[in-house]
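Here the structure is laid out as structure tokens; the discussion comes afterwards.
Nothing in this text is a laboratory measurement; each read-out follows from the coordinates by a stated rule. Model, not experiment: these values are computed from the prediction. Backbone-built Cβ (ideal geometry, glycine too); neighbour counts: all protein chains shown.
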């Protein structure tokens, strides 16, 4: 007969219960419920990491778009001009330029406009 309540089993359950600290009600007391809660938490954590990347990209795009409108060009035209001018700045870098170094951002926009005109 197989032993199911030995020291190793207690150690494993103790380790898993430690992960569920701060959970309410049965989610920190009952082993089966703890396992479900932890599994669901892992799924949500994974999805949230992906969502975070999407949220930041959309934030950068909004910042760049706002900066572009000040210089009379749309976001999509700027990106097209940057590709034609072979300027390889990602959206994070462009948004930082738009906020903290408007002169450098204006220079990038002028180069993109020149590439579009040519």
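A few comments on the model shown:
- The set of residues in region 1-24 that are farther than 20 Å from residue 37 by Cβ and in contact with a helix residue (DSSP H, G or I) (Cβ under 7 Å, 6 or more places away or on another chain) is empty.
- From the list 45, 41, the one residue that fits, being surrounded by 12 or more Cβ atoms within 10 Å (Cβ to Cβ), within 30 Å of residue 15 (Cα to Cα), under 18 Å from the mean Cα position of the chain (by Cα) and free of Cβ contacts under 8 Å to residues at least 60 places away in the same chain, is 41.
- Residues in region 1-22 that are within 42 Å of the chain's Cα centre (by Cα), part of a loop (DSSP other than H, G, I, E, B) and surrounded by fewer than 10 Cβ atoms within 10 Å (Cβ to Cβ): 21, 22.
- Any hit, region 60-70, residues being exposed (fewer than 10 other Cβ atoms within 10 Å of the Cβ) and either under 30 Å from residue 99 (Cβ atoms) or out of contact with any strand residue (DSSP E or B) (no Cβ under 9 Å at 6 or more places or on another chain) (or both): no
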